[in-house]
Amino acid sequence: MRNSINLQAVSEHLNNRRNFLKGTLLFSAGALLSQHSRVRAAAATLQNTDSNAAQRSKVSFVAGKDRRDMITKVLEPWKDEIQKGIQGKQVIIKPNFVGTNNLLCATHPDAVRAVLDFLKPMNPGKIIIGESSASQNTMPGFENYGYLALEKEYNVSCQDFNTHTGSPYWIVDGNLRPVRIEIISEFLDPKNYFISMTRLKTHNSVIATLGLKNMVMGCPLNAGRNSSYKRTMHGSSSRWLHYNMYLVAQKVRPQLTVLDGLEGMQGNGPMNGTPVEHGVSLAGTDVMAVDSIGAQLMDVPLENLGYLNYCGDAGLGVIARDRIDIIGDAKPADHIIKYELAGNIEQQLEWKQPLQLQGQQGGRGGFGGGFGGGNTGGGARRGS
């Protein structure tokens with residue numbers, strides 16, 4: 001088995017999520033993907049012949065000192081697309097409340113105000129501001145961060161998604177076994193139009209919190225100590241969080257992403273970092289492209305963000321910066337600030353190393369390789 005490579009199985013693994021989630025290719029192709037050079041070469045060929053290879057994306061970007069003004073400006077290029085996209089849909093703004101008592105770790109309410117002001121002339125109906133905090137009870141966050149005032153100012157409803165129902169979805173554990181989780185049903189409903197909003201933040205498991213992470217880690221239901229599927233997403237290490245985020249992203253992505261970088265968070269994120277006065281804002285309909293530029297602004301090497309590389313490889317969006325067009329007079333390259341990363345950065349980068357399954361001794365038996373390394377085709381290049 002270790003010397004026999006089924007290229008057809010590799011092709012199916014790269015292009016057929018349904019079969020992958022059923023487990024038909026998980027062990028035969030996925031775990032070998034970066035172990036064998038012939039498999040990596042085949043994967044690169046398959047990706048380069050895909051239509052996604054020529055895909056381009058746009059990201060609007062501004063620099064300034066006024067949060068609401070900056071967000072209004074980055075939304076303006078998307079006005080027609082947003083107007084069309086929200087027709088017949090329930091608009092849901094997904095802020096980021098990993099905790100409920102530290103505004104620096106959360107989406108600022110004035111950022112949401114800017115979006116609500118922008119949407120109001122489009123007559124979107126009642127807008128839901130929905131979040132599912134890692135601390136289970138989200139309502140204290142709405143209160144502590146001043147969100148309840150928005151219900152009086154606008155036609156909005158603040159909702160704790162942790163009290164809503166979930167739908168089954170499958171990820172993997174540390175031994176590549178399928179694990180069932182519950183995803184909050186709103187995230188899977190095609191009748192919803194999601195706007196992901198978060199500030200630029202460092203993270204202690206996957207390096208950075210950006211627009212995609214805000215969605216894919218917001219959607220697992222957190223119904224209590226024994227039913228926190230957010231905890232299940234983390235698996236046994238950062239490696240599995242990177243990969244499980246990619247699995248969920250195949251189904252859950254926002255229609256619009258807004259990153260607020262007026263004041264970012266660095267260091268011991270996602271909850272207890274220190275502020276960074278950055279003065280930037282960016283937005284776009286391709287969350288991968290927005291996050292790629294967001295990482296650039298934080299001076300986070302793109303090749304270190306496993307979940308973005310996996311998504312780029314799978315054609316879920318554009319992360320290669322030479323295929324991202326910037327809208328606006330300001331240039332991201334002129335506004336890069338090196339964010340201090342969490343102290344466990346080396347541990348977070350273990351996803352790039354060959355996989356040793358739990359219970360393996362001395363690298364013998366089971367599958368070697370894993371999900372790190374290799375050529376990312378349409379995305380960035382990962383080191384080994």
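The values are calculated or read from the model by the stated rules, or taken from the named source; none is laboratory data. What you are looking at is a predicted structure, and each value in this text was computed from that prediction instead of being measured. Glycine also receives a Cβ, built like all others from the backbone with ideal geometry; neighbour counts cover every protein chain displayed.
Entry remark, the range 324-349: residues being surrounded by fewer than 18 Cβ atoms within 10 Å (Cβ to Cβ) and assigned to a helix (DSSP H, G or I) number 6 in total.
Each residue in the range 55-82 was checked for being in a helix (DSSP H, G or I) and either charged (D, E, K, R) or outside the structural domain of ASP329 (by TED's automatic domain parsing) (or both), and 8 of them qualify.
In the range 179-277, counting only helices (runs of 4 or more DSSP H) that sit wholly within it, the ones holding 2 or more residues that are in contact (Cβ under 8 Å) with a residue 12 or more places away in the chain, assigned by TED's automatic domain parsing to the domain that holds ASP69 and more than 21 Å from LEU305 (Cβ to Cβ) span 229-234. So if I check each of GLY130, GLY174, which one is touching a Lys or Arg at 6+ places or on another chain (Cβ under 9 Å) and part of a strand (DSSP E or B)? Of the residues listed, the single one that is touching a Lys or Arg at 6+ places or on another chain (Cβ under 9 Å) and part of a strand (DSSP E or B) is GLY130.
Could you tell me whether TYR307 is in contact (Cβ under 8 Å) with a residue 40 or more places away in the chain, within 30 Å of ILE171 (Cβ to Cβ), aromatic (Phe, Trp, Tyr) and out of contact with any Ser or Thr (no Cβ under 9 Å at 6 or more places or on another chain)? Yes. Residues that are charged (D, E, K, R), in the same structural domain as LYS251 (by TED's automatic domain parsing) and within 22 Å of ASN204 (Cα to Cα): does the range 326-341 have at least one? Yes, the conditions are met somewhere in the range 326-341.
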